[in-house]
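Here's the structure, in structure tokens; my notes come after.
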Amino acid sequence: MLHEDFKQRVLEEIDRNADHLIAVGERIYRDPELGFKEFRTSKIVAQEFDRLKLGYEEGIAITGLKTIAQRPGGGSGPTVGVIGELDSVLVSDHEFANAETGAAHCCGHNAQLMTMLGVANGLINSGVLSELDGRVAFFAMPAEEYVEIDYRVELRDKGETEFLGGKSEMIRLGAFDDVDMAMMVHGASNQNMQARAGISASNNGFVGKQAKFIGKAAHAGGAPHRGINSLYMAQLALSAINAQRETFKDDDTVRIHPILTRGGDLVNVIPNDVRFETMIRGKTADAINDASFKVDRALRSGAVAMGGKVEITTLPGYMPLFNDPDMSRLFKDNFLTFHGEDDWEDTGHRTGSTDMGDIAHIMPALHPHVAGFSGTGHGTDWAIDDKYMAYVFPAKLMAMTVIDLLADGATAAKELLANHTPVMTKDEYLTFMRSNARKESFDGSAVGPL
Ligand SMILES: [Zn+2]
Ligand SMILES: [Zn+2]
């Protein structure tokens, strides 16, 4: 079958290029950068696009890149996006951490860039791209990890970004306007996944929340009656949040995990500035909204009880992820041409989050996991165990899936799109995200005597 012949040619091309993919991936592994600061990494991706003679847009959402590959004259079918993420996390004692910033590739995103480039290489250099009835958009995506919140709020306040995650920014800037569906592969450690590959049905989304409890300082021994204790406001708010938990439906998998980032300054002064931060995760946008408003109410309750003030900042986070069942099936079938069912793991809903969920809200999306790593994700002992599995194999699976979608008149892609109703339009998505960018100042002392 022609289709299978295309796959064979692409697989051979990816194998021919494997040493190069591994070498560049290892170079990025040793030079990690944090989100919205991935300048050196995006330069490497740009060089790789140059090598493939692909024109590209760069500097999208500060460090993002995009290119579209199509047969001469342009394919008429849908456009499939293939994504790799540019950023790393902060694990300063990892063996390849950046000495200055503490950034380290302990989430495997360096491998994702190579699998994205491996697909590009395989489809273009094998000549199979010319046989496809559609286009393939390749993305290097900034800032998947939701870290350095203060830095990102600063970027937002300066007008350089609006949202805190890379994919939201790319969507806002129109980089996905001409893309119909998208996929990527995330690496997995053998600590989290026993199988060689797998797909979860869905993932939680979240919003961010920060609060500042403003009280009144006073001598903690001599005149505590003159103070307003911010720490107690926070303590009451935490109790009120915990009291909400039984109001959440089990099926919504709400997760609220607050911390105090400032608890008081001196032991003999009544704390007057206490800071709180949390993520509020849930399975659907409605569940996240419901939990977010309950947290706001709980935060206000602390201020009311003590007669102090609270400033509440809500920050747009990531949307829940739903893996498209048709794309999942194609990807899994391709995996099964190499390995058995026992090597595959279908998991149900996962309670962590990824901004691939934002993409999944506006188009069919796929975010499987492929093994090749060991140690703890985001941990010091994270390591690449099997370079072929990490850097090369996922490129094969994605390239084969692209062929399934776009060969033979792009019938599969067209059918998939005909059967798919996006959860939100781009405009609805942006409106939802913007509704999650709020700041409220609440004065508990204004609640006077009854
Ligand atoms: Zn991560
Ligand atoms: Zn990651």
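Starting from residues that are open to solvent by 10 Å² or more (accessible area, probe 1.4 Å) and within 16 Å of ligand 2 (Cβ to nearest atom), keep the ones in the stretch 124-151 and report whichever is nearest to the chain's Cα centre (by Cα). Can you show your working first?
Step one: of the stretch 124-151, the residues open to solvent by 10 Å² or more (accessible area, probe 1.4 Å) are 124-127, 129-131, 133, 135, 144-151.
After this cut, where a residue has to be within 16 Å of ligand 2 (Cβ to nearest atom) as well, the list is 144-148.
Values: E144: 4, E145: 6, Y146: 8, V147: 11, E148: 14 Å.
By that ranking, first place goes to E144.
One residue alone among N121, N110 is at pLDDT 95 or above, part of a helix (DSSP H, G or I) and within 14 Å of ligand 2 (Cβ to nearest atom), and that residue is N110. Scanning the stretch 383-393 finds one or more residues that are buried (at least 24 other Cβ atoms within 10 Å of the Cβ), in a helix (DSSP H, G or I) and within 16 Å of ligand 1 (Cβ to nearest atom).
Select from the stretch 419-436 the residues that are part of a loop (DSSP other than H, G, I, E, B) and open to solvent by 70 Å² or more (accessible area, probe 1.4 Å) and write down the one among them that is farthest from P320 (Cα to Cα). Even if it seems obvious, please write down each step before you answer.
Residues of the stretch 419-436 that are part of a loop (DSSP other than H, G, I, E, B), as a first pass: 419-425, 436.
Okay, now just the ones that are also open to solvent by 70 Å² or more (accessible area, probe 1.4 Å), so 419, 421, 423, 425.
Details: N419: 20, T421: 16, V423: 11, T425: 15 Å.
Per the criteria, the residue is N419.
Selection of first residues in the stretch 98-109 that are free of Cβ contacts under 8 Å to residues at least 40 places away in the same chain and of second residues that are of a type in the set (D, E) and more than 9 Å from ligand 2 (Cβ to nearest atom), restricted to Cβ pairs under 9 Å at least 6 apart or on distinct chains, gives the following pairs, ordered by first then second residue: G102/D93.
Quick check on the stretch 325-347. Is at least one of its residues in contact with a strand residue (DSSP E or B) (Cβ under 8 Å, 6 or more places away or on another chain), within 14 Å of V185 (Cα to Cα) and in a loop (DSSP other than H, G, I, E, B)? Don't jump to the end; show me each part of the working.
Here is the first cut: in the stretch 325-347, the ones in contact with a strand residue (DSSP E or B) (Cβ under 8 Å, 6 or more places away or on another chain) are 327-328, 331-332, 335-336, 339, 343-347.
Going one step further and asking which of them are within 14 Å of V185 (Cα to Cα), we end up with 327-328, 331-332, 335.
Now restrict to residues that are in a loop (DSSP other than H, G, I, E, B): none.
Taking every residue of the stretch 325-347 in turn, none turns out to be in contact with a strand residue (DSSP E or B) (Cβ under 8 Å, 6 or more places away or on another chain), within 14 Å of V185 (Cα to Cα) and in a loop (DSSP other than H, G, I, E, B).
Only residues that are away from ligand 1 (no atom under 16 Å from the Cβ) and either open to solvent by 20 Å² or more (accessible area, probe 1.4 Å) or of a type outside the set (D, E, K, R) (or both) were counted in the stretch 62-91, giving 20.
Taking the condition out of contact with any Pro (no Cβ under 7 Å at 6 or more places or on another chain), under 17 Å from A365 (Cβ atoms) and not β-branched (V, I, T), does M424 pass? Yes, satisfied. The residues of the stretch 116-144 include none that are within 16 Å of ligand 1 (Cβ to nearest atom) and among the aromatic types (F, W, Y).
The residue that is surrounded by the most Cβ atoms within 10 Å (Cβ to Cβ), among those in the stretch 320-359 that are under 28 Å from D296 (Cα atoms) and either over 16 Å from the mean Cα position of the chain (by Cα) or more than 16 Å from ligand 2 (Cβ to nearest atom) (or both), is P320.
For beta carbons closer than 8 Å, sequence separation of 6+ or different chains, a first residue in the stretch 255-269 that is in contact (Cβ under 8 Å) with a residue 40 or more places away in the chain and a second that is in a strand (DSSP E or B) and surrounded by fewer than 17 Cβ atoms within 10 Å (Cβ to Cβ), the qualifying pairs are N268/H219; V269/H219. Would you check if L113 is within 16 Å of ligand 1 (Cβ to nearest atom) and not charged (D, E, K, R)? So L113 passes the test. So E38 fits all but one of (1) among the charged types (D, E, K, R); (2) surrounded by fewer than 17 Cβ atoms within 10 Å (Cβ to Cβ); (3) in contact with a Leu (Cβ under 6 Å, 6 or more places away or on another chain); what number is the exception? Evaluating E38 over (1) among the charged types (D, E, K, R); (2) surrounded by fewer than 17 Cβ atoms within 10 Å (Cβ to Cβ); (3) in contact with a Leu (Cβ under 6 Å, 6 or more places away or on another chain) leaves (2) as the failure. Got a number for residues in the stretch 265-295 being touching a helix residue (DSSP H, G or I) at 6+ places or on another chain (Cβ under 9 Å), open to solvent by 10 Å² or more (accessible area, probe 1.4 Å) and in a helix (DSSP H, G or I)? Number satisfying all stated conditions: 5.
The values are calculated or read from the model by the stated rules, or taken from the named source; none is laboratory data. Quantities reported herein were computed from a predicted structural model and do not represent experimental measurements. Every residue, glycine as well, gets a Cβ built from its backbone with ideal geometry; the counts of neighbours run over all protein chains shown. All accessible areas refer to the heavy atoms of the entire protein, side chains included, with ligands and DNA or RNA removed. Shrake-Rupley method; radii C 1.70, N 1.55, O 1.52, S 1.80 Å.
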